[in-house]
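Okay, structure first, notes after.
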Amino acid sequence: MTTDARLLAALHERGDEFVTTPELARRLGLSRLLLAGRIEALRELGYDIETIPLLGCRLRGAPDALHADDLLARLPRGRVIGRDIRVFAATTSTSDVCEKLARDGVPEGVVVLAETQTQGRGRLGRKWVSPPRKGLWLSVLLRPRGRPAEATRLTVMAAVALARAVEALAGLRADIKWPNDLLARGRKMAGILTEMSAEADRVRHVVLGLGLNVNQTAPDFPPEVRKTATSLKLETGANWCRAGLAAAVIEELDRGYARMRGGGFAALAGEWEARSATLGRHVTVCCGTRRMRGRAEALDDDGALLLRTEHGRIERVLGGDVTVESGKT
Ligand code: BT5
């Protein structure tokens, strides 16, 4: 961790209370003069740090901006996902950046965030609207062991992680629509894009891209998605601290990934099923030019959707767009 990350961690840890200057200087291994310099630098970034002689310092507020040091300071130690965090003011797509890092041999777990994306993408070349400072646009590089067919498991894991973070912080119940949407009252609040580089039987790496709408109001959405999209702000009426949310999402992703590696996918899938807006419903799945109708029965152990077709057969669906046709049966 950088000095600024450790300084912010010490302040976050104490909440509303003061940390004395000698304690801070000792913890960070800095002279008081250097410490004052770091505090001033953070103030220039928008951190509201109050200093009172004898009492010390406390953090009164953070800017509505994402900073790698601040995110590192909010996260627990010893994690894989988020051990390296990189924040950009703007990028084409955070998944492009992650893909480059993958080819440069960067270890798994690096998280790339951007305040805005100029070419944010969804599946099949679709566009992902990513206005500046309104949401979380982030990608994670993973190098999982296992067969390429298991990559869908990562989408399942990411959907559960997002739903948990949103629920824990905003108290908002989010439904998961297979394979990659998070819905609130039937509207899309988040999307997941899982991109894989693989050989025949081995995954080289996976880039997991997550987009979560946070502080948009209706006019922030372009007309083409205004009726189908929603944000945390639209659902709760409040503005949300994106840094806090980003840290919660990263923490949940790390927890989910650890569970998966520890053989705990079945439990994750159970949690997914409990939050599912898809299972038990009659759906149409469009997969390229193929169209299938049936009842969404269950999740397979690799994350595929098991669909009981009109003819009574079970089809395994690995990807596609799901439209829910009717209520649960
Ligand atoms: C997705 O695709 O839902 C995956 C979205 C992944 C976005 C993240 S952001 C970080 C990382 N970097 C990227 O470039 N991408 C990832 P799909 O299921 O294909 O849905 C795309 C469709 O959702 C579009 O065609 C629109 O109809 C709709 N849409 C676009 N932007 C939206 C938004 N901000 N909120 C809700 N719906 C949106």
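The label-point distance for Arg14 and Glu297, in a model that sets each label 7 Å from Cα toward Cβ, rounds to 6.0 nm. Shape class for segment 55-139: oblate, because the ratio a/c of the largest to smallest gyration tensor axis (alpha-carbon atoms, square roots of eigenvalues) is 1.5 or more and b/c is at least a/b.
In a DSSP loop and with at most 10 other Cβ atoms within 10 Å, the GluC sites (Glu not before Pro) in segment 104-200 are Glu199.
Surface calculation, 1.4 Å probe, protein heavy atoms: Leu45 sits at approximately 90 Å² accessible. In this simple spin-label model, placing a label point 7 Å from the Cα along the Cα-to-Cβ direction at both Ala274 and Arg313 gives a separation of 3.5 nm.
For helix 265-274, what angle does its Cα long axis make with the longest principal axis of the chain, in degrees from 0 to 90 and rounded to 10? Approximately 80 degrees, to the nearest 10. The calculated 222 nm mean residue ellipticity attributable to helices in the chain amounts to -10000 deg cm²/dmol, summing -39500 (n - 2.57) over DSSP H runs of n ≥ 4 and dividing by all residues. The residues of the chain expose on average 46 square angstrom of accessible surface per residue, using a 1.4 Å probe on protein heavy atoms. Across the accessible surface of segment 18-93, with the other protein chains kept in place and a 1.4 Å probe, carbon and sulfur atoms take up 56 percent. The convex hull built on the alpha-carbon positions of the chain has an orientation-averaged projected area of 18.2 nm².
Between helix 151-170 and the chain there is an angle of about 50 degrees, using the helix long axis and the longest principal axis of the Cα atoms. In order along segment 3-12, phi translates into HN-Hα couplings of 4, 5, 5, 5, 5, 5, 4, 5, 6, 4 Hz, rounded to whole numbers, per the Karplus curve 6.51 cos²θ - 1.76 cosθ + 1.60 with θ = phi - 60° and x for Gly and Pro. May I ask for the net charge around Ala184, where only other residues with Cβ less than 10 Å from the Cβ of Ala184 are counted and Lys, Arg are +1 while Asp, Glu are -1? Computed value for this residue: +2. Projected onto planes of every orientation and averaged, the convex hull of the alpha-carbon atoms in segment 196-264 covers 7.3 nm².
The lysines within cross-link reach of Lys127, meaning a Cα-to-Cα straight distance under 19 Å and a gap of 8 or more places when in the same chain, are Lys177, Lys188, Lys227.
The values are calculated or read from the model by the stated rules, or taken from the named source; none is laboratory data. A quick note: this is a predicted structure, and the numbers were derived from the prediction, not measured. So basically every Cβ, Gly included, is an ideal-geometry build from the backbone, and we count neighbours across all protein chains shown. What goes into the accessible areas is simple: the full protein's heavy atoms, side chains included, and nothing from ligands, DNA or RNA. Shrake-Rupley method; radii C 1.70, N 1.55, O 1.52, S 1.80 Å.
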